[in-house]
1. Return the distance in nm (one decimal) between the two label points of a simple spin-label model at residue A:1 and residue A:218, each offset 7 Å from Cα along Cα→Cβ.
2. Work out, step by step, the length gained on full extension between residue A:190 and residue A:145: first 0.36 nm times the residue separation, then minus their alpha carbon distance; give nm to one decimal.
3. Could you check which residue among A:264, A:284, A:183 shows the biggest mean-square fluctuation in a GNM of chain A with a 10 Å Cα cutoff?
4. First measure r as the distance between the Cβ atoms of residue A:230 and residue B:58, then evaluate 1/(1 + (r/R0)^6) with R0 = 25 Å and state the FRET efficiency to the nearest 0.05.
5. Among all the lysines, which ones have a C-alpha under 27 Å from residue A:91's C-alpha, if same-chain residues fewer than 8 places away are not counted?
6. Can you pull the Kirkwood radius for segment B:6-66, inverse mean 1/r over Cα pairs, to one decimal in Å?
7. By how many degrees, between 0 and 90 and to the nearest 10, does the Cα long axis of helix A:160-171 differ from the longest principal axis of chain A?
8. With 10 angstrom as the radius, rank B:72, A:231 by how many other C-beta atoms surround their C-beta, starting from the fewest.
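Each value in this text was obtained by applying a stated rule to the coordinates, not by laboratory testing. For clarity, every value in this text was computed on a predicted model and none was experimentally measured. Neighbour counts run over all protein chains shown; Cβ positions are idealised from the backbone, glycine included.
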Amino acid sequence: MVMETDVLIIGAGPAGLAAAYETASRGLDVTIVDESISKGGQLCQQTQILRTLPSPFLAMRGYELANTLINQLDEFSVRYLLGHRMIGTYKDGSIGITDETNVFPVNPKKIIVATGAAEKAVPFPKWTLPGVITVGAAQTLVNRDFVTPGKNAVIIGSSDFAMDVAIQLSDVGVNIIGIVESLPKILARDAEKTEHIMQRSIPLYLRSSIKEARGNGEVEEIDIQFPDRIMTEKVDLVCVDGGRTPILDAFYQLGCSFGFQEELGGWLPQYNEFLQTDCKDVFLAGNAAGISSQGALLITGRIPGVRVCEELNIISKQEAEHERASHWKELENLEAKLFPEKWEARLNHIKNYANPLLKDQFIS
Amino acid sequence: MDKTTIICRCEEINCEEIEEAIGHDARTFDDIKRLTRCGMGPCQAKICISLVADVIHEQTGSHLHEIPLPRMRMPISPIKLETLATNSTTFSSVKSVMDEVELEEGKVR
Ligand SMILES: Cc1cc2nc3c(=O)[nH]c(=O)nc-3n(C[C@H](O)[C@H](O)[C@H](O)COP(=O)(O)OP(=O)(O)OC[C@H]3O[C@@H](n4cnc5c(N)ncnc54)[C@H](O)[C@@H]3O)c2cc1C
Ligand code: FES
């Protein structure tokens, strides 16, 4: 049995939910697949306040935004396939979805892929010891699962994300031994976060890196390398921030082309100003289209939503153009000010639409 | 990078083994995978993909955008064969896994 739908959205994170609102609120039949049993994606464990959100949203905490995005879909025709994964495509182009018992084809008119981002590992001797985890994993354990992952922690990296997690860990009583940054300055752009860290007397170690971890069956000790010395600390938790990169498997299966933008997380699907890949009916949204801030991600869900409605003749070309112009304006406001290098990379990426670095990867 | 550092945790391949493969002219993730099993573990390269690119970059000077993505095969994440085989006539039209199999009227020959 083939399931038919107007729009299939892969991923129920903020970007997927924003795309769902654009399409479902205009009357399209929308199906959202997520391998998790709950909606909201990686927003669910974010307790920090998100200040730069697009209208109509006011500043709120990550999980509150997740609930807002979920609730605003209540009155529309949205089919949720939670606990379902996209595992590949069929020869005829339909999407292979599994509920872990069966695999079945879904045949959508349009697909919006919003699979999000993965955290990158940071390698050093013995980084595979239990107790060495990513900052995102630490955040998930504390805020979603209510589990404290350790007593004495060191944080590797000083991005806004790493700072947030350091604060959240310290709030639940984890002793933060230090924040280790290899550069000569803190990476976090939000000065308030650095202030919070200072107030808690958490040491910030610049020009330093982790040399190695040691331990018997779990991490017990680490060596921090400074330009002139090595410091050894007893720890049971090391949280590393290696940055994030778009999750690409679904695009690869669908036959999309790829380009490279360091500032947006490295390899990412090639797309145009409609957030449309070079596979005509495949669109993308969110961190899968380049790592950016929460506010920007929501807009990258709206833009393909509008285009899908236009292509399916739900709204006129004129209305679509009007909507698109205002979304791009707002995206520029949110992205260009805070992360000018990301905005520039995005414009460059779109410019390269006709000349992807990798294409026709899926020769089958 | 310290030679003993693990690069592929699923298959326990360290930096030295990756460098050795590069010494044998491996230039892409898939080259290294064929020589070492790096990337062939349960996570299917989801963790080691960027670490391997960094080692190739360090050793050969290639820019990261010159190091192509590895081939990402079906299934996107591990799945029980029993589940994948749901309704086996449809299953035999699944791309990639069954591509090498000849089909005759929807049935495996
Ligand atoms: C653990 C973690 C913590 C994070 N914390 C922060 C933070 O504190 N601050 C910050 O700014 N950013 C954080 N991020 C970045 C995060 O990517 C963004 O905050 C934001 O959630 C991205 O939205 P999205 O909709 O693009 O993707 P996501 O929110 O990641 O949603 C993608 C969804 O797609 C689903 N999915 C993926 N592949 C498939 C498939 N094949 N089949 C079915 N479903 C699939 C996933 O289950 C997921 O629910 C974090 C990321 C991670 C991984
Ligand atoms: S880390 Fe290499 S396959 Fe998992």
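1. So the two model labels end up 4.7 nm from each other.
2. Result: 13.5 nm gained on full extension.
3. Highest fluctuation of the listed residues: A:183.
4. Approximately 0.65, to the nearest 0.05.
5. Filter leaves A:109, A:110, A:280, A:359, B:33, B:46, B:80, B:95, B:107.
6. 11.1
7. 60
8. Ranked by crowding around the Cβ, least crowded first: A:231, B:72.
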